[in-house]
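We did not get these values from a lab; they are worked out from the coordinates using the rules stated. The structure presented is a predicted model; accordingly, all values stated were derived computationally and were not measured.
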Amino acid sequence: MSGYWPFLWHAIATLVAGKRIMVVDDDPDLRELLFTALADEGFEVVPAANGEEALGLLRTFRPDVIVLDLMMPVMDGWQFANELKARDEDIPIVLLSAARDLKNHAREMNAADVIEKPFDLSELIPKIERVAAS
């Protein structure tokens, strides 16, 4: 069984290599943590502090997945998701939030997955990898 691990690691690394992730969260420490963790996994990562900043970045950066907080100043996650939909952008969203009824919000936004705050990186990374690889 242990002989399969290098193969599995290589297969996962191949699936995520070059995949682009946008992390949208108002917490600078969390953005830095996610930036570092995802970059270490082989993703190209761009952080944004709120939905308005993220929309501006979409002009020059086309992510494969958006990791999105819901509760942010300036433009929250709900407004951002509505704007994406209005622009006919089809980018999978992974909600990352402490909001109540997160699963219901995810269903309403047609999010690909949810990650509840607080979270464990060992659970977060595989979810993002799965969405990015699909």
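For the reader, a short list of remarks on this structure follows.
- Amide H partners (placed H, <5 Å) of Val45, local residues excluded: Ile21
- Rounded D (µm²/s) - the chain, Kirkwood Rh over Cα pairs, Stokes-Einstein at 20 °C, 1.002 mPa s: 142
- Reachable lysines, given that their alpha-carbon falls under 16 Å from the alpha-carbon of Lys127 and they are not under 8 places away in the same chain: Lys19, Lys103, Lys117
- Kirkwood-Stokes translational diffusion coefficient of the stretch 30-84, alpha-carbon pairs, 10 °C, 1.306 mPa s, µm²/s: 136
- Axis of helix 121-133 versus longest Cα principal axis of the chain: the two differ by about 90°, to the nearest ten degrees.
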